[in-house]
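Everything on this sheet refers to the single structure shown next.
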Amino acid sequence: MRKNSRYEMIFIPTNSGMVKIYIYGFKPYGSWGHIIASMNGLSVNTKGYNRKRTIVKALALLNESILNMKEE
């Protein structure tokens with residue numbers, strides 16, 4: 001993945017805060033990409049080739065991290 005300033009942002013409002021998803025790469029199709037998902041100061045980084053699958057993976061990891069923090 002080349003370092004450049006092009007990225008996409010997705011904001012998802014929830015009852016407990018705003019989920020922010022930053023998407024780097026994935027262009028051209030099938031190339032490596034990097035996703036950062038954050039909420040309330042907690043962030044998760046994932047990398048992959050499939051854009052949709054990597055976004056879902058990042059959200060699942062963020063959800064798991066939030067649930068683990070609530071248990072403690």
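The values are calculated or read from the model by the stated rules, or taken from the named source; none is laboratory data. In this text the structure is predicted, and so the values were computed from the model without any measurement. Neighbour counts run over all protein chains shown; Cβ positions are idealised from the backbone, glycine included. The accessibility values were calculated without ligands, DNA or RNA, using every heavy atom of the protein model including side chains. Shrake-Rupley method; radii C 1.70, N 1.55, O 1.52, S 1.80 Å.
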The range 39-49: number of residues that are open to solvent by 60 Å² or more (accessible area, probe 1.4 Å) and closer than 17 Å to Asn68 by Cβ: 4
Sole exception among (1) within 14 Å of the chain's Cα centre (by Cα); (2) open to solvent by 60 Å² or more (accessible area, probe 1.4 Å) for Ile36, by number: (2)
Breaking point among (1) in contact with an Asp or Glu (Cβ under 7 Å, 6 or more places away or on another chain); (2) over 16 Å from Arg6 (Cα atoms), for Ile23: (2)
Number of positions in the range 9-33 that are without any contact (Cβ under 8 Å) to a residue 24 or more places away in the chain, farther than 23 Å from Asn68 by Cα, open to solvent by 70 Å² or more (accessible area, probe 1.4 Å) and touching a strand residue (DSSP E or B) at 6+ places or on another chain (Cβ under 9 Å): 2
